[in-house]
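Trainee: One structure coming up, written as structure tokens, with questions to follow.
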Amino acid sequence: MEAEKKHSSAVSNVGAWAMNVISSVGLIMANKQLMSPTGHAFAFATTLTGFHFCTTALIGLVSNATGYTTKKNVPLWELLWFSVVANTSITAMNLSLMLNSVGFYQISKLSMIPVVCFLEWLLNGKHYSSKVKMAVVVVVIGVGVCTVTDVKINAHGFVCACVAVLSTSLQQISIGSLQKKYSIGSFELLSQTAPIQALSLLLLGPFVDYFLTGKLLASYKISSAAFFFIVLSCSLAVFCNISQYLCIGRFSAVSFQVLGHMKTVCVLILGWMLFDSELTLKNILGMSIAVNGMIIYNWAVEGDKPMQYRKDATSDVKVLIKQVDGSSLLKDVELGKSQG
């Protein structure tokens with residue numbers, strides 16, 4: 001029975017990661033076709049994200065109405081706080097991409113892994129073994145080698161990048177924290193945060209996009225092909241959003257960041273296959289290092305699990321003994337003595 005549970009859990013974990021990688025890579029490819037000047041030139045990224053969350057909110061509403069999911073109470077102020085952080089992340093990321101060189105933008109994205117590790121330690125007291133830290137460094141180096149090219153820094157871009165990294169890291173940590181705090185499922189939490197994000201992004205998005213691009217949403221002439229890609233983008237975004245919450249709830253924000261760079265590798269390969277993007281020896285070397293780093297990370301995390309289990313079990317025993325007999329017996333148990 002225990003073996004069946006482990007096998008079922010492993011299959012679910014692989015399914016969650018596969019859904020996230022496939023939907024994320026598909027979303028990037030669809031958005032590239034929709035937003036690029038050689039595609040349909042829909043340059044309104046923030047508004048498009050509002051469409052994504054509007055679709056996700058609609059799916060959540062239907063799910064709750066049909067009884068497929070049940071709504072659990074999460075304080076409104078926590079949902080509002082989370083939505084502010086998440087929307088700040090989206091806006092700051094778009095501003096960072098506009099104001100910085102592609103190289104510095106990639107470096108800022110890579111810095112999210114150590115920032116998430118630091119915030120997990122600061123907010124949740126979480127510690128990481130030297131093996132995990134080593135694996136994270138390998139992944140960062142690998143992705144950096146294959147993605148970072150020109151690096152130019154300016155004051156405004158640097159501030160936007162810092163805000164983007166901090167808010168994105170906080171958002172991803174909050175996803176896991178809220179699920180654990182209120183014993184709420186990934187989709188149940190998403191269905192409560194999505195309407196708030198959708199409303200705020202649809203109201204503010206056109207103004208942010210005008211600031212970023214100088215183009216008005218109302219002036220865009222939509223074609224049937226562009227409409228198809230908007231619908232495709234929204235559909236893929238639903239799966240992407242659900243799988244993000246699912247993965248962070250099952251694992252951690254750090255694991256989501258580390259293993260999430262598999263998407264970077266897939267995007268580079270698909271860009272070379274579908275869009276004639278250049279794939280250099282430097283790219284291939286970086287991807288190889290990154291994939292090896294992910295393998296090492298998985299090995300390190302799996303190796304730490306028995307140790308963490310022993311710590312948790314010891315802690316539970318100490319708490320139980322303290323509740324039953326008081327602190328004097330606890331000291332004797334810790335010293336390995338008996339009261340015979």
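Trainee: Given 10 Å bins starting at zero, what is the percent of C-alpha pairs of segment 91-206 in each, up to the one with the largest pair distance?
Mentor: Taking every Cα pair in segment 91-206, the percentages come to 12, 32, 36, 19, 1.
Trainee: Continuing with this model, one more query. Under a Cβ-only charge scheme (Lys and Arg +1, Asp and Glu -1), can you give me the dipole magnitude of segment 1-319 about the Cα centre, in debye to the nearest 20?
Mentor: 340 debye
Trainee: So for segment 1-319, taking the charge dipole from beta-carbon charges (+1 Lys/Arg, -1 Asp/Glu), which of ALA198, VAL159, SER24 sits furthest toward the positive end?
Mentor: VAL159
Trainee: How much length is gained if the chain between LYS181 and VAL159 is pulled fully straight, taking 0.36 nm per residue apart and subtracting their Cα-Cα distance, in nm to one decimal?
Mentor: Here the segment from LYS181 to VAL159 would lengthen by 4.7 nm.
Trainee: Taking 7 Å along the Cα-to-C-beta vector as the label spot, tell me the TRP299-LYS72 distance in nanometres, rounded to one decimal.
Mentor: 3.6 nm
Trainee: Could you work out the relative contact order of segment 1-319, using alpha carbon pairs under 8 angstrom and six or more residues apart, expressed as a whole percent?
Mentor: It comes to 35 percent, rounded to a whole number.
Trainee: Could you order ILE295, ILE90, ILE59 so the one with the most accessible surface comes first? Probe is 1.4 Å.
Mentor: Per-residue accessible area, sorted high to low, gives ILE295, ILE59, ILE90.
Trainee: Whole-Hz ³J(HN,Hα) for each residue in segment 232-238, computed from phi via Karplus 6.51 cos²θ - 1.76 cosθ + 1.60 with θ = phi - 60°, x for glycine and proline: what do you get?
Mentor: Listing the rounded values in order: 4, 4, 5, 5, 5, 5, 4 Hz.
Trainee: Something else now. Treating the beta-carbon of each Lys and Arg as +1 and of each Asp and Glu as -1, no other charges, what is the dipole magnitude of segment 203-301 about its Cα centre, to the nearest 20 debye?
Mentor: The dipole of segment 203-301 has a size of about 120 debye.
Trainee: With a/c under 1.5 counting as rounded, go ahead and sort segment 1-319 into rounded, prolate or oblate using the C-alpha gyration tensor (a ≥ b ≥ c being the square roots of the eigenvalues; past the cut-off, prolate if a/b is larger than b/c, else oblate).
Mentor: Since a/c reaches 1.5 but b/c is at least a/b, the shape of segment 1-319 is classed as oblate.
Trainee: Using only the heavy atoms of the protein chains and a 1.4 Å probe, how would CYS160, CYS54 rank by accessible area, largest first?
Mentor: Ranked list, largest accessible area first: CYS54, CYS160.
Trainee: Hey, another quick one. Taking the simple approach of a point 7 Å from Cα along Cα-to-Cβ for both VAL11 and MET273, what is their distance in nm?
Mentor: Those two pseudo-labels are separated by 2.6 nm.
Trainee: Only Cα pairs under 8 Å and at least 6 apart count here; give the relative contact order of segment 106-201 as a rounded whole percent.
Mentor: 42 percent
Trainee: Something else about it: Express in Å², to the nearest 10, the accessible area of VAL84 obtained by rolling a 1.4 Å probe over the protein heavy atoms while all chains stay in place.
Mentor: In the full protein context, VAL84 sits at about 90 Å².
Trainee: Find the all-direction average of the projected area of the Cα convex hull for segment 140-218, expressing the result in square nanometres with one decimal place.
Mentor: Dividing the Cα hull surface by four gives the mean projection, 8.3 nm².
Trainee: Something else about it: Take GLU302, GLU78, GLU188 and sort them by solvent-accessible surface of the protein heavy atoms, 1.4 Å probe, largest at the top.
Mentor: GLU302, GLU188, GLU78
Trainee: Can you pull the accessible area of MET98 for me, 1.4 Å probe, Å² to the nearest 10?
Mentor: Accessible area, nearest 10 Å²: 80 Å².
The values are calculated or read from the model by the stated rules, or taken from the named source; none is laboratory data. Because the structure is predicted, anything quoted here is derived from the model rather than measured. In this analysis, Cβ positions are derived from the backbone assuming ideal geometry, glycine residues included, and neighbour counts consider all displayed protein chains. Please note that ligands, DNA and RNA were not included when accessible areas were found on the heavy atoms of the full protein model with its side chains. Shrake-Rupley method; radii C 1.70, N 1.55, O 1.52, S 1.80 Å.
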